[in-house]
Amino acid sequence: MARVPPMGWMSWGYYLCGDNCEEHPEKCLDENLILSIADTFYTEGYQEAGYEYIIIDDCWSERKRDKHGRLVADKKRFPHGMKYIADYIHAKGLKFGMYTNVGNVTCMFYPGSRNHFGIDAMTFAEWGVDYLKVDGCYATESFLNTAYIKLGHYLNKTERPIVYSCSWPYYIEFIHNHQPDYDKVQSTCNLWRNYHDVVTSWAALKNIIRHYKDGYSELSKYHGPGHWNDPDMLIFGTEVLKEGQSRVQLAVYVMLSAPLLLSCDLSKITDYEKKLLLNLDLIAVGQDPLGIMAQPYDLPNSITLWVKPHLPMKGDKYLSYSFALVNLEETDATVSFTPRLYGLDSQDGYTMMDIFSGTYLRNITLVDSITVTVPLQDVIMYTFYAL
């Protein structure tokens with residue numbers, strides 16, 4: 001499962017609990033919203049670009065299970081039930097995701113899956129769920145370290161392919177203040193949250209980027225096809241990012257081979273944001289089948305250079321490389337770098353493409369140095385293809 005990082009839309013970041021539709025209809029998490037996301041993905045080019053999962057987060061159920069111990073969708077907000085929604089999404093060639101929590105209740109105090117792992121796994125499978133986000137609120141450390149494994153076992157017993165998204169390492173590290181056992185996490189989960197929830201601010205985004213930069217040597221060891229570090233959702237469509245800042249989030253996420261999950265009212269995505277989200281050269285870097293997490297290097301003037309090898313290859317020897325020069329600071333910065341020092345080794349040289357414009361700039365040799373000015377709170381991104 002998840003041989004490339006999942007792409008799609010998730011309700012939580014923008015709609016949050018979304019269960020008070022009478023007072024806040026603009027933030028209503030209901031059937032109409034989910035079907036509209038499927039329609040937009042299908043008609044506006046998102047599906048063709050790779051965005052395929054539509055995921056309902058917390059607060060989707062009734063407050064109590066039925067007499068058979070099964071979870072029940074909120075009857076007012078999801079009157080046709082979850083199987084209906086899954087069938088609608090599947091008919092468009094898209095995939096359906098849902099949410100639960102390993103504890104007794106979810107983070108927002110809806111029914112959790114503790115003591116119901118088997119019946120819940122079967123319920124999700126019967127409904128046609130393709131992706132399950134599993135939170136870890138209100139659970140002890142010892143329970144977390146067994147519960148995710150047990151729930152994964154029950155998901156596998158259903159024999160339905162369900163991408164398993166875990167919050168396990170986040171709770172171990174930031175709630176219980178211990179080091180996660182990433183060997184177990186990687187062998188259990190397809191992707192995992194290991195840092196705080198993103199909020200709609202540039203400051204939060206910078207903290208996420210710095211976390212993955214600082215943690216690269218540890219986190220990269222467990223990252224690859226079928227098992228991904230998840231830095232949380234994109235904050236496009238929320239009117240908080242300037243164009244350069246939006247380039248930074250998407251560039252760093254594709255360099256990390258991170259999941260790309262939108263969370264917004266899709267009608268509020270700007271024309272420029274949509275152009276970025278549908279930039280197939282950019283998406284190809286993030287969806288590269290090798291799934292290598294980019295390595296960060298410190299350059300002068302507070303520039304971070306992220307370097308990612310990926311396909312296509314020249315013959316069976318020379319990989320392509322993408323370089324993202326990221327400036328999180330308040331001033332423009334000029335730096336020089338020599339690509340050969342970061343892995344490029346084809347004696348015939350490379351051709352250099354600007355990812356954001358899609359234009360080929362020039363050919364370079366292994367001795368060439370490149371000087372570039374990175375605007376404040378922005379990124380410049382190149383891909384080098386072996387000649």
May I ask you to verify whether E26 is open to solvent by 20 Å² or more (accessible area, probe 1.4 Å), assigned to a loop (DSSP other than H, G, I, E, B) and more than 27 Å from I292 (Cβ to Cβ)?
no
Checked the stretch 249-274 for anything assigned to a helix (DSSP H, G or I) and over 14 Å from the mean Cα position of the chain (by Cα); matches are L266, S267, K268, D271, Y272, E273, K274
Return yes or no: is L290 in contact with a His (Cβ under 7 Å, 6 or more places away or on another chain) and within 30 Å of T40 (Cα to Cα)?
yes
G237 meets each of (1) of a type in the set (G, A, S); (2) open to solvent by less than 10 Å² (accessible area, probe 1.4 Å); (3) over 24 Å from V374 (Cα atoms); (4) assigned to a helix (DSSP H, G or I) with one exception, condition (4)
Report whether or not S61 is open to solvent by 10 Å² or more (accessible area, probe 1.4 Å) and among the hydroxyl-bearing types (S, T, Y).
no
For the stretch 275-387, which strands (runs of 3 or more DSSP E) that fit wholly inside it have 2 or more residues that are open to solvent by less than 10 Å² (accessible area, probe 1.4 Å)?
303-314, 318-327, 333-337, 350-354, 370-374, 378-386
Taking the stretch 87-108, which residues are among the polar types (S, T, N, Q) and under 20 Å from the mean Cα position of the chain (by Cα)?
T100, N101
Considering only residues that are free of Cβ contacts under 8 Å to residues at least 60 places away in the same chain and in contact with a Gly (Cβ under 8 Å, 6 or more places away or on another chain), which ones fall in the stretch 291-322?
V307, P309
Considering only the stretch 206-221, I want to know if a residue exists there that is assigned to a helix (DSSP H, G or I), crowded, with 19+ Cβ neighbours inside 10 Å, free of Cβ contacts under 8 Å to residues at least 60 places away in the same chain and among the aliphatic types (A, V, I, L, M).
yes
Restrict the check to the stretch 96-111 and report whether at least one residue is out of contact with any Cys (no Cβ under 7 Å at 6 or more places or on another chain), closer than 25 Å to I37 by Cα and of a type in the set (S, T, Y).
yes
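The values are calculated or read from the model by the stated rules, or taken from the named source; none is laboratory data. All figures in this text were calculated on a predicted structure; none of them were measured in a lab. Reconstructed Cβ throughout: ideal geometry from the backbone, glycine too, with neighbour counts over all protein chains shown. Accessible surface areas use protein heavy atoms only, side chains included; no ligands, DNA or RNA. Shrake-Rupley method; radii C 1.70, N 1.55, O 1.52, S 1.80 Å.
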